[in-house]
Amino acid sequence: MGDKKPAAPVQPSAEILDRLFVTVQARKGADPESSYTAKLYSRGTAKIAQKVGEEAVEAILEAVRGDKAALAAESADLLYHLLVLWADTGLDPADVWSKLAQREGTSGIDEKKSRKA
Ligand SMILES: N=c1c2ncn([C@@H]3O[C@H](COP(=O)(O)OP(=O)(O)OP(=O)(O)O)[C@@H](O)[C@H]3O)c2ncn1[C@@H]1O[C@H](COP(=O)(O)O)[C@@H](O)[C@H]1O
């Protein structure tokens, strides 16, 4: 009687990338002792870029090994570090989303042919 159904758990989606970007932006000027993101900023762009490369390699190694759970974890590391790199360099994620939107529906095969023509 009057019992409310528990709220359905919200399925995580790619929207978390926008929230995560807000969080990593907010870590600018934070204490590197208490924030890993702030620690990355303090080490500079080249170090952050290197971390993105390392995480990408770890992700592809798990893909080749066929370990999906490990690939998911390494992909999360990669996306986090890529967002930190965007924030560090002043790139707005909306610019990346726009690029993807512009390309939507255009086959990579057709796009390559148009560049050769
Ligand atoms: N998503 C992440 C996230 N993913 C991975 N990591 C950290 O990234 C690091 C990667 O591991 P490594 O072994 O490569 O790190 P490491 O050995 O310290 O690296 P190096 O010495 O090679 O530089 C680990 O310390 C992870 O905890 C993350 N740290 C933070 N976040 C998010 O960022 C938010 C803000 O975090 P803070 O800035 O720490 O408050 C958190 O609430 C999370 O939402």
- request: Hey, can you tell me all the residues within the range 78-113 that are open to solvent by 60 Å² or more (accessible area, probe 1.4 Å) and within 13 Å of the ligand (Cβ to nearest atom)?
  value: 79
When residues of the range 1-30 are limited to those that are hydrophobic (A, V, I, L, M, F, W, C) and under 13 Å from residue 81 (Cα atoms), the one most open to solvent (accessible area, probe 1.4 Å): 20
query: Is it the case that some residue within the range 96-108 is among the hydroxyl-bearing types (Ser, Thr, Tyr) and part of a helix (DSSP H, G or I)?
result: yes
task: Among the candidates 74, 33, single out the residue that is within 12 Å of the ligand (Cβ to nearest atom), farther than 19 Å from residue 95 by Cβ and either touching a strand residue (DSSP E or B) at 6+ places or on another chain (Cβ under 9 Å) or open to solvent by 100 Å² or more (accessible area, probe 1.4 Å) (or both).
output: 33
task: Within the range 45-71, count every residue that is more than 10 Å from the ligand (Cβ to nearest atom) and in contact (Cβ under 8 Å) with a residue 24 or more places away in the chain.
output: 3
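The values are calculated or read from the model by the stated rules, or taken from the named source; none is laboratory data. Nothing here was measured: the structure is a model prediction, and the numbers come from that model. Quick reminder, even Gly has a Cβ in these numbers, built from the backbone with ideal geometry, and neighbours come from all protein chains shown. SASA here: full protein model, heavy atoms, side chains in, ligands and nucleic acids out. Shrake-Rupley method; radii C 1.70, N 1.55, O 1.52, S 1.80 Å.
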